[in-house]
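Participant: Here's a structure for you.
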Amino acid sequence: MTPTWIQLGYLAAAVCFILALKGLSGPRTARNGNLLGAVAAVFATVIVFFQQDLDHQVPIIAAILVGTAAGALGARRVQMTQMPQLVALFNGVGGGAAALVALLELNEFHEHADVEWFTAAATVFTIAVGGISFAGSLVTFAKLQELMTTRPVIFPGLPVVFGGAFVVAIALCVWIVVEPSLWVGVILALFGLALGVLLVLPVGGADVPIVISLLNAFTGLTVAASGYVLQNTLLLVAGTLVGASGTLLTILMAKAMGRSVVNTLFGALRGGSTLGAATASDRPVRSAGPDDVAILLAYAQRVIIVPGYGLAVAQAQHTLRELVDVLAGRGVEVDYAIHPVAGRMPGHMNVLLAEAQVPYEQLVEMDDINGEFKQADVVLVVGANDVVNPAAKTTPGAPIYGMPILNADEAKQIVFMKRSMRPGFAGIENELLFDPKTTLLFGDAKDSMSKLLNGVKAL
Amino acid sequence: MDESIVWLTFFVLSAFVGVEVVSKVSSTLHTPLMSGTNAIHGIILIGAILVAGTADSTGTLIVGLVAVLLAAINMAGGFVVTDRMLEMFGGPKRTAKSETDGDAA
């Protein structure tokens, strides 16, 4: 039996987690909220050693230290552009840990003859969903890290294979609930892994963030189920919090991208998606050198900058900020238009520009700036593509159809800074590139940006 | 059976709290919020510690220790990376705030 003071400690930690989540949902309280959550987690990790007599304390503490060091080091070292894949990775290992814990619990079942069916059901749920979360997150990681194609991967019969694996997994779950067996549990875990891979493969690059959030909610629910199996209230409450808030967050993100969650996951399977033209088109475009663009910008009255992931990859945010400062010094009115999913995940661009110390007030959200593009003399699109692609409005069947976009096409002039004619992350061509109002400035974003900056300075 | 109802009550109430606390968050904070919730489910670490600490064979101990390792990576990495993001968010904002405070004074 768990001592009362430890149960109270868990209660305190659970309350801290709720406050942490609440803090995270507002910009001013977010950092303290996160710190509170971290303190609660450390506190809970310490008191668990007093819950009951634990063997093997030395190797356990060693494993905690190694894991903490590895996690913290990874988190410190990662570049902000690679944030989404790191979150996916952390989520995956969490799901994997939950599945392993459940397997070990299943292993204990034969010692207690009177395992309730619901406990067994919670255990198999954790094994299967933990496996899905682990494997799905690793595939997500591979997609974001571009270790594999970012476009939907589908093969003939995938729905049948997925459906078949799903049915078998359910059957294995029932088997274990009726007749607990570790080996069936291991097979179930393998099916969970396969399902995770099959679930994420058909998801296109642009929708990957929604999947990370969904898998995050999955892991939360497995932790909640583990809490029931281990009779630990903190795990139950914390896991449920993450499961519920993660589910809501998934829906909110999908809404910001104009998608439904079901369409995100299974859209490619239905064959409705065009999967995009992967090849760069050789239609004529108008391109210009940095000096021409510098003149265009310097003599404009109103400039709107649309930053995208390419900007951050080229590490050109700092030069861009300098350019904006110089333009502002010449009396040009400049704003950044931030699409909710600019970057690789919702809110990612805000993080990336905050890193370059762009003042918060210059970042204008999509709904607030979309009416102003008509008055803009020049829109400078830096390393973005899909978020200004009119196909989202005009082409039903395009992978991004229905996603709200920035109305860059309404401006008087549009300048795209691009490395090549390669399509964006969603893998579709952008009609705006061929618009008569559009000028392309080819080259590495950082290089072009420095030339542009020097050009404007020289005027 | 009664005890199961108590657990179900915990579950349902926690779910409502989870939905309620993030229901009005702006898209600006979606990334840190996702990574923050991600860190919180790293609390599976205490479950991993409990099963590793009661392992009665080398095999189960090894699996338990792997679970502890993975959970610790999830928890520590999640909180640190969230803090790193929020630190940058807070930076310019806080200066702006202290400036206005200064003006008022």
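Participant: Please average, across the residues of A:335-341, the number of beta carbons from any other chain that are within 10 Å of each residue's own beta carbon, and give a whole number.
Facilitator: On the way: counts 0, 0, 0, 2, 1, 4, 2.
For peptide A:335-341, the averaged partner shielding equals 1.
Participant: Pairs of lysine in the protein assembly as shown with Cα under 19 Å and at least 8 positions apart or on different chains: total?
Facilitator: Number of lysine pairs found: 12.
Participant: Still on this model: Go ahead and estimate [θ] at 222 nm for the protein assembly as shown from helices alone: -39,500 (n - 2.57) per DSSP H run with n ≥ 4, summed, over the residue count, rounded to 500. Spell out each step's value before the answer.
Facilitator: Values: 21 runs with 355 residues, N = 564.
Value at 222 nm, helices only: -21000 deg cm²/dmol.
Participant: Using only the alpha-carbon atoms, how far is helix A:30-51 inclined from the longest principal axis of chain A? Give it as 0 to 90 degrees, nearest 10.
Facilitator: 20 degrees
Participant: Something else about it: How crowded by other chains is A:78-87, given as the mean number of beta carbons from other chains within 10 Å of each beta carbon? The partial results should precede the final answer.
Facilitator: Numbers: counts 4, 0, 5, 0, 0, 7, 3, 0, 5, 13.
Averaged over the peptide's residues, the number is 4.
Participant: I would also like to ask the following. What is the antiparallel percent of DSSP beta bridges lying wholly in the protein assembly as shown, to the nearest 5?
Facilitator: Values: 0 of 23 bridges.
Bridges in the protein assembly as shown are about 0 percent antiparallel.
Participant: Please say if region A:378-458 is rounded, prolate or oblate, where rounded means a/c under 1.5 for a ≥ b ≥ c the square roots of the C-alpha gyration tensor eigenvalues, and otherwise the choice is prolate for a/b larger than b/c and oblate otherwise? Present the calculation step by step, with values, prior to reporting the outcome.
Facilitator: Values: a/c = 2.65, a/b = 1.84, b/c = 1.44.
Prolate, because a/c is 1.5 or more and a/b exceeds b/c.
Participant: Could I ask something else about it? Using only the alpha-carbon atoms, how far is helix A:445-458 inclined from the longest principal axis of chain A? Give it as 0 to 90 degrees, nearest 10.
Facilitator: Approximately 40 degrees, to the nearest ten.
Participant: Let me ask you something else. Give the separation of the Cα centroids, region A:120-142 to region A:343-372, in Å.
Facilitator: 34 Å
Participant: I've got another one for you. Is the shape of region A:121-195 rounded, prolate or oblate, going by the alpha carbon gyration tensor and its root eigenvalues a ≥ b ≥ c, with a/c under 1.5 for rounded and a/b larger than b/c for prolate? Intermediate values should be presented prior to the final figure.
Facilitator: Values: a/c = 3.55, a/b = 1.83, b/c = 1.94.
Taking the square roots of the gyration eigenvalues as a ≥ b ≥ c, region A:121-195 is oblate.
Participant: By average Cβ neighbour count within 10 Å, what is the ranking of A:196-206, A:141-151 from highest down?
Facilitator: Per-residue Cβ counts within 10 Å, averaged per peptide and sorted highest first, yield A:196-206, A:141-151.
Participant: Using a 10 Å cut-off on Cβ atoms, rank the peptides A:122-128, A:32-38 from the highest mean neighbour count down. Show your work: numbers first, answer last.
Facilitator: Details: A:122-128: 27.4, A:32-38: 23.0.
Answer by packing, highest mean first, reads A:122-128, A:32-38.
Participant: Just counting partner chain Cβ atoms within 10 Å, what average do the residues of peptide A:47-56 show around their Cβ?
Facilitator: Neighbouring Cβ atoms belonging to other protein chains average 4 per residue here.
Participant: Turning to a different aspect of this structure: Is region A:49-145 best put as rounded, prolate or oblate by its Cα gyration tensor, with a ≥ b ≥ c the root eigenvalues, rounded for a/c under 1.5, and otherwise prolate when a/b is larger than b/c, oblate when not? Numbers along the way, then the final one.
Facilitator: Numbers: a/c = 3.93, a/b = 1.49, b/c = 2.64.
It is oblate, given that a/c is not under 1.5 and a/b is not larger than b/c.
Participant: While we're looking at this one, here's another question. Angle, helix A:83-108 long axis vs. longest principal axis of chain A, Cα atoms, 0 to 90°, nearest 10?
Facilitator: 10 degrees
Bear in mind that the values in this text are calculations on the coordinates, not laboratory data. Predicted, not measured: the structure shown is a model, and the values here were computed from it. Glycine also receives a Cβ, built like all others from the backbone with ideal geometry; neighbour counts cover every protein chain displayed.
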